[in-house]
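S.K.: Please find one structure pasted underneath; my questions will follow.
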Amino acid sequence: MWLELIAKLLSETNLTYLNADLPLAYFMIKLLPTRIKFDKFINLQTFQDYLESIHVIKLRYFIQSTIKDEINQECILDEGKYTEDLKELDDIFFEYHDEQPVLVTPSYEKQILLYKKYIEGNEFFPESFKKAWQGEIEKRLSRTIGAGNDYEIIKSEIKALENKKICENRKLEKTILHILNHFNTKENFINLLKSIREIKLMENHDLLLP
C-alpha cells in the first residue's frame, strides 16, 4: 500500500533535507524497494548498461506518471470504504417491511460488531457514549437506548472519521507528488540515478571498513 509506506517514510524524514540530492536519493531508495533493487548500481559497467536500456525509460515513466496514478487510485479506493461502512450501518439498523425501511434495535451480535468495528478506539465518539456501549457489551446486555439516536451518532462519527482520513490521504498525496515532481525531466531523473549510485557506493564502502 503506497499510502501506508509514504506515511511511514514522511514520519521518519526531515523534509527540508530533501532539497539536497543525496538525502533525496536515499528517500527514493526507500520508496521503491519493491520496484527496483539499486544494489546493482555499484558496478559501473552495470550502471552504464542500465542507463542505456529500456528499463531506465520504464522507471522514469513509473516515477513521472504510474506511481502518481496508483496513489490517486488508492486514495479513491480508501474513500470508497466509508460508503461501504454506511451501507453496512444501514443493514444493521434497518429491516424492510413491505419494501419500506424500518429502524430497529440491532441484535446483540450486531451490537458487538458495531462496537468492535466503529466505536471502540474511535476518537470522535464522546467518552460517555463509548463507556455506555462498553459497559453493556461487557455485561452482555442488549443495548436499549433508542436505535434512532444511536444510528445518527454512529453515522455522524463514521462521516467525521471519513473526512479526517480523506484529508490525511490527500495531504500525503500532495506531499509525495511535490517530491516526485523533482524528476519531471530526463536530466533530473538521470541525476537522481547517479545520486542513488553514490549512496550505494557509500553504503558499500562503509560495509568494507574494519
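S.K.: Can you pull out the helices (runs of 4 or more DSSP H) entirely within region 66-180 that have at least 3 residues that are surrounded by 17 or more Cβ atoms within 10 Å (Cβ to Cβ) and at pLDDT 85 or above? Walk me through it before giving the result.
M.R.: On the way: elements: 67-93, 108-114, 127-138, 147-180.
Where helices (runs of 4 or more DSSP H) fall fully within region 66-180 and carry at least 3 residues being surrounded by 17 or more Cβ atoms within 10 Å (Cβ to Cβ) and at pLDDT 85 or above, they are 67-93, 147-180.
Residue by residue, here is whether (1) out of contact with any Gly (no Cβ under 8 Å at 6 or more places or on another chain); (2) assigned to a helix (DSSP H, G or I); (3) within 15 Å of M202 (Cα to Cα) holds:
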residue	(1), (2), (3)
L3	yes, yes, no
K8	yes, yes, no
L18	yes, yes, no
L22	yes, yes, yes
I36	yes, no, no
Q45	yes, yes, no
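S.K.: Out of curiosity, is L201 in contact (Cβ under 8 Å) with a residue 60 or more places away in the chain, in a helix (DSSP H, G or I) and within 17 Å of Q48 (Cβ to Cβ)?
M.R.: Details: in contact (Cβ under 8 Å) with a residue 60 or more places away in the chain: yes; in a helix (DSSP H, G or I): yes; within 17 Å of Q48 (Cβ to Cβ): yes.
It is true that L201 is in contact (Cβ under 8 Å) with a residue 60 or more places away in the chain, in a helix (DSSP H, G or I) and within 17 Å of Q48 (Cβ to Cβ).
S.K.: Test I57 against the criterion of being within 27 Å of M202 (Cα to Cα), in contact with a Leu (Cβ under 7 Å, 6 or more places away or on another chain) and assigned to a helix (DSSP H, G or I), and give yes or no. Give the steps one after another, and end with the answer.
M.R.: Numbers: within 27 Å of M202 (Cα to Cα): yes; in contact with a Leu (Cβ under 7 Å, 6 or more places away or on another chain): no; assigned to a helix (DSSP H, G or I): yes.
Here the answer is no, as I57 does not meet what is asked.
S.K.: Going by the conditions given, is Y26 of a type in the set (F, W, Y) and either over 22 Å from E168 (Cα atoms) or outside any helix (DSSP H, G or I) (or both)? Don't jump to the end; show me each part of the working.
M.R.: Working: of a type in the set (F, W, Y): yes; either over 22 Å from E168 (Cα atoms) or outside any helix (DSSP H, G or I) (or both): yes.
Here the answer is yes, as Y26 does meet what is asked.
The values are calculated or read from the model by the stated rules, or taken from the named source; none is laboratory data. On a predicted model such as this, the values are computed, not experimentally measured, just so you know. Using ideal geometry, Cβ is built from the backbone for each residue, glycine included, and neighbour counts are taken over all protein chains shown.
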